[in-house]
Amino acid sequence: MSSRPLSRTGALLIGLTFTVIGLVLLFIGLFWLNATSERLTRMIDGTGTVVEVIRRRVGDDTNYYPRIEFQTQTGETFQFESNTGGSSTSYRVGDQVPILYNPQMPQDATINSWYEIWFPPIVITILSLSGLAPGIFALGLALFDKS
């Protein structure tokens, strides 16, 4: 079987497609990072207690999400469920965990960990490079190829 080189039009289409996908992911990632940073400026430290570990099946996978209860500075009690689950749980009922919450809107709370707060937007931002790099490379081949 013989392989033909990619045509200039094909390289342009591939380059544009990957570049657009990469730019969209980059925009989403940077927007998410900025929103996270701004959200954190309104939050204060606290301590919560794991009151339940919720088990969810998604297809063949099982993920575990801790439910955290905490008291605000005014003595109100709130609960929230972690947004990030895992195939195993590092949380047990009764564990004390550091949290961040918005005192004006205590239901806006999260476990105070790098993985909970920064991992998702950083992953999206890094994934944007997997679209941008080959997209720009293909565009460069298509636009600057002298053959």
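Of the conditions (1) touching an Asp or Glu at 6+ places or on another chain (Cβ under 8 Å); (2) at pLDDT below 95; (3) of a type in the set (A, V, I, L, M, F, W, C), L100 fails just one. Which one is it? The failed condition is (2).
Against the test of being within 30 Å of A133 (Cβ to Cβ), open to solvent by less than 70 Å² (accessible area, probe 1.4 Å) and among the hydroxyl-bearing types (S, T, Y), the options S37, S82 yield a single qualifying residue, S37. Selection of first residues in segment 110-134 that are within 26 Å of T72 (Cβ to Cβ) and of second residues that are open to solvent by 50 Å² or more (accessible area, probe 1.4 Å), restricted to Cβ pairs under 6 Å at least 6 apart or on distinct chains, gives the following pairs, ordered by first then second residue: N112/P98. Residues considered: T62, T19. Of these, the only one that is hydroxyl-bearing (S, T, Y), exposed (fewer than 15 other Cβ atoms within 10 Å of the Cβ) and either within 24 Å of V123 (Cα to Cα) or within 22 Å of the chain's Cα centre (by Cα) (or both) is T62. Scan segment 52-93 residue by residue and report those that are of a type in the set (A, V, I, L, M, F, W, C) and touching a strand residue (DSSP E or B) at 6+ places or on another chain (Cβ under 7 Å). Scanning segment 52-93 gives V53, I54, I68, F70, F78, F80, V93. Residues that are aromatic (F, W, Y) and farther than 21 Å from L40 by Cα: does segment 94-102 have at least one? For segment 94-102, residues aromatic (F, W, Y) and farther than 21 Å from L40 by Cα: absent.
The values are calculated or read from the model by the stated rules, or taken from the named source; none is laboratory data. This is a predicted model, so every value here is computed, not measured. Because the Cβ atoms are built from the backbone with ideal geometry, glycine has one as well, and the counts that use them run over all protein chains shown. Surface areas here come from the heavy atoms of the whole protein model, side chains and all, with no ligands, DNA or RNA. Shrake-Rupley method; radii C 1.70, N 1.55, O 1.52, S 1.80 Å.
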